[in-house]
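Asker: One structure is given below, represented as structure tokens, and several questions about it will come after.
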Amino acid sequence: MDKGFILLSLAAVLATGCGAGGEEEAIVDREEVLRAARADSVAMAEAMYDATVFDTVTWESDGARWERGGVVWSFSCQGCHGVEGKGHGAVATEHGMAVPDLTVPEWRFRDDISGTRHRIFVGHESEMLSWGPRGLSYRDVDAAAHYIQDLLRAED
């Protein structure tokens, strides 16, 4: 059975309070278990990640890559990062998530296509999903990374 699934199942049990310990303790335990599950997902994604695969990705044109990147962005990224990449997506707002603004000059992966690809594929332990294991292909990760770097950040 998948270790991440087991951790998430345990988190669901803890979220109900298990009939003991009180609601406050259950919330703390739930957060710890969710962070552990996310860390496990990131570790699994890191083990799967191969940056050299991006050397094999080709596009008929920049426009084709950006078009695909826009599709990937709208289905996989904009819920948290928002339409413009400023971090105010509906999912992030609804759940009180701290999502970075990808358009500011101080963004960690500014002008770093390799770092952007890595973050999309692997995710982060805080709240960034690991999109590689969730089914985004290297081609889709490449498209999304270029969409972010070339189009969302174009105003810099």
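The values are calculated or read from the model by the stated rules, or taken from the named source; none is laboratory data. Note that this is a predicted model, so its numbers are computed, not measured. FYI the Cβ positions are ideal-geometry reconstructions off the backbone, even for glycines, and counts take in every protein chain you see. Just the protein is used for accessible areas: all its heavy atoms, side chains included, with ligands, DNA and RNA removed. Shrake-Rupley method; radii C 1.70, N 1.55, O 1.52, S 1.80 Å.
Asker: Which of the residues belonging to the range 130-148 are modelled with pLDDT under 95 and surrounded by fewer than 20 Cβ atoms within 10 Å (Cβ to Cβ)?
Answerer: Hits for the range 130-148 are Pro133, Arg134, Gly135.
Asker: For the range 93-120, name all the residues that are charged (D, E, K, R), assigned to a loop (DSSP other than H, G, I, E, B), on the phi < 0 side of the Ramachandran plot and open to solvent by 60 Å² or more (accessible area, probe 1.4 Å). So that I can check it myself, show each step before the final result.
Answerer: Within the range 93-120, the first condition is being charged (D, E, K, R), and the residues that meet it are 94, 101, 106, 108, 110-112, 117, 119.
Narrowing further to those that are assigned to a loop (DSSP other than H, G, I, E, B): 101, 106, 108, 110-112.
Narrowing the set further to residues that are on the phi < 0 side of the Ramachandran plot leaves 101, 106, 108, 110, 112.
Of everything in the range 93-120, those that are charged (D, E, K, R), assigned to a loop (DSSP other than H, G, I, E, B), on the phi < 0 side of the Ramachandran plot and open to solvent by 60 Å² or more (accessible area, probe 1.4 Å) turn out to be Glu106, Arg108, Arg110.
Asker: Checking the conditions here, which among Arg30, Arg38 is modelled with pLDDT under 90, touching a Gly at 6+ places or on another chain (Cβ under 8 Å), surrounded by 12 or more Cβ atoms within 10 Å (Cβ to Cβ) and in a helix (DSSP H, G or I)?
Answerer: Arg38
Asker: Can you find, within the range 32-87, the residue that is nearest to Arg134 (Cα to Cα) among those that are of a type in the set (A, V, I, L, M) and under 13 Å from the mean Cα position of the chain (by Cα)?
Answerer: Taking the range 32-87 and keeping what is of a type in the set (A, V, I, L, M), we get 33-34, 36-37, 39, 42-45, 47-48, 51, 53, 57, 64, 71-72, 83.
Subsequent filtering for residues that are under 13 Å from the mean Cα position of the chain (by Cα) retains 39, 42, 45, 72.
Details: Ala39: 15, Val42: 11, Ala45: 9, Val72: 13 Å.
Filtering the range 32-87 for residues that are of a type in the set (A, V, I, L, M) and under 13 Å from the mean Cα position of the chain (by Cα), the one nearest to Arg134 (Cα to Cα) comes out as Ala45.
Asker: Quick one: count up the residues across the range 104-151 that are among the acidic types (Asp, Glu) and over 15 Å from the mean Cα position of the chain (by Cα).
Answerer: Let us first name the residues in the range 104-151 that are among the acidic types (Asp, Glu), namely 106, 111-112, 125, 127, 140, 142, 150.
Filter once more, so that each one left must be over 15 Å from the mean Cα position of the chain (by Cα): 106, 111-112, 150.
Count: 4.
Asker: If a residue must be in a loop (DSSP other than H, G, I, E, B) and closer than 18 Å to Ala145 by Cβ, how many such residues does the range 77-88 contain?
Answerer: Here the count works out to 6.
Asker: Considering (1) closer than 22 Å to Phe54 by Cα; (2) open to solvent by 50 Å² or more (accessible area, probe 1.4 Å), say which one Gly123 fails and leave the rest.
Answerer: (2)
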